[in-house]
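Report on the following structure.
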Amino acid sequence: MNQLKGLHHITAITSSAEKIYEFFTYVLGMRLVKKTVNQDDIQTYHLYFTDDKGSPGTDMTFFDFPGIPKGVHGTNEIFKTSFRVPNDKALDYWVKRFNRLEVKHTGIKEQFGKKTLSFVDFDDQQYQLISDETNTGVDSGTPWQKGPIPLEYAITGLGPIFVRVDNVDYFKEMMERVLLFKEIDNEGSFHLFETGEGGNGAQVIVEYNTILPPARQGYGTVHHAAFRVNDRQELDEWMKQLNTFRFPNSGYVERYYFGSLYTNVAPQILFEMATDGPGFMGDEPYETLGEKLALPPFFESKREEIEKLVRPIDTVRSTKEFVKEYEE
């Protein structure tokens with residue numbers, strides 16, 4: 001069977017849909033391409049931030065579950081999300097930008113031969129930028145053309161996700177035998193796994209940690225990570241693969257923008273396989289993506305009810321002109 005192609009999207013939890021919109025739009029310069037609701041909890045927003053075209057493999061999404069407590073980082077957790085930037089020089093730009101905008105960061109470091117810059121948002125959600133300077137493998141996306149970040153420094157897609165576990169032997173066996181990843185390197189307690197064409201867009205970094213207490217999900221933490229497959233046929237093949245290893249799974253789930261299959265691969269760690277299509281471009285014009293509340297056809301009959309449940313958020317950008325912000 002075909003390997004997973006790489007990362008599809010990461011879904012996290014935020015304390016504020018409004019604040020995460022501001023952070024991703026005006027600080028990180030990623031494009032909101034879909035403002036919709038959690039299909040399993042229609043009072044909760046689901047915001048999709050991607051590259052310019054809504055490409056699979058570029059997508060960070062957020063839920064804002066009402067009343068959820070702050071999460072606690074620990075072990076057995078997808079604990080950090082990476083974003084790709086074109087080269088090492090771009091990281092110098094982002095250090096200056098984060099300093100000016102008072103975004104907490106670690107400074108530039110190196111791991112597995114790649115330059116990185118870790119930072120957090122207002123919820124202590126963990127992220128890093130990773131340089132594509134020496135990268136090969138899965139292509140990245142197209143930076144948001146009309147956003148505030150100069151294109152030569154802008155975020156182009158997802159990089160490796162970080163998973164922290166207290167049973168690394170089990171997790172390695174699961175990654176290699178069930179999900180068909182391959183461990184290609186290790187540094188201390190960190191293990192680098194890769195799938196498909198490889199490279200930053202198709203990697204998972206697993207940290208072995210028995211010191212931290214178990215993580216607790218809430219705002220400021222990742223909800224799940226999704227990996228790319230071509231189509232429904234491949235999704236069905238992965239369903240058979242999970243069943244062969246007796247992994248409980250959701251079966252096929254129709255998300256309208258893509259088809260999905262979910263499985264808990266370890267305590268508190270939810271992985272999804274998601275199809276590359278149909279994508280986000282079919283129900284809104286390119287110019288105004290993410291500006292209106294978008295609902296899949298099977299929710300249109302509930303639009304009036306849903307619009308009463310979720311407060312309005314102004315996400316109009318087509319009438320604004322963003323000046324590219326060069327950092328001195």
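Please treat every number below as a calculation from the coordinates, not as lab data. For clarity, every value in this text was computed on a predicted model and none was experimentally measured. No Cβ is skipped: glycine too gets one built from the backbone with ideal geometry, and neighbour counts run over all protein chains shown.
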Would you mind listing the strands (runs of 3 or more DSSP E) fully within segment 16-107 where at least 1 residues are over 18 Å from Ile313 (Cβ atoms)? 59-63, 77-85
Go through the residues of segment 200-219 one by one and say whether even a single one is within 28 Å of Ala294 (Cβ to Cβ), in contact (Cβ under 8 Å) with a residue 24 or more places away in the chain and of a type in the set (Asp, Glu). no
Scan segment 48-60 for residues that are under 17 Å from Leu289 (Cα atoms) and either in contact (Cβ under 8 Å) with a residue 60 or more places away in the chain or surrounded by fewer than 22 Cβ atoms within 10 Å (Cβ to Cβ) (or both) and jot them down. Tyr48, Thr50, Asp51, Asp52, Lys53, Gly54, Ser55, Pro56, Thr58, Asp59, Met60
Name every residue in segment 180-193 that is touching a residue at least 40 places away in the same chain (Cβ under 8 Å) and under 21 Å from Ser131 (Cβ atoms), in order of residue number. Asp185, Glu187, Phe190, Leu192
Of everything in segment 97-135 that's over 21 Å from Pro86 (Cα atoms) and among the acidic types (Asp, Glu), which residue is farthest from the chain's Cα centre (by Cα)? Glu102
Could you look through segment 91-110, keep only residues that are acidic (Asp, Glu) and free of Cβ contacts under 8 Å to residues at least 12 places away in the same chain, and pick out the one that is surrounded by the most Cβ atoms within 10 Å (Cβ to Cβ)? Glu110
For the structure I just gave you, tell me whether Leu129 is assigned to a strand (DSSP E or B) and over 29 Å from Gly279 (Cβ atoms). no
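Residue check: is Ser118 on the phi < 0 side of the Ramachandran plot and crowded, with 21+ Cβ neighbours inside 10 Å?
Criteria not met by Ser118.
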Positions within segment 291-323 being outside any loop (DSSP other than H, G, I, E, B), among the hydrophobic types (A, V, I, L, M, F, W, C) and surrounded by 11 or more Cβ atoms within 10 Å (Cβ to Cβ), in sequence order: Leu293, Phe299, Ile306, Leu309
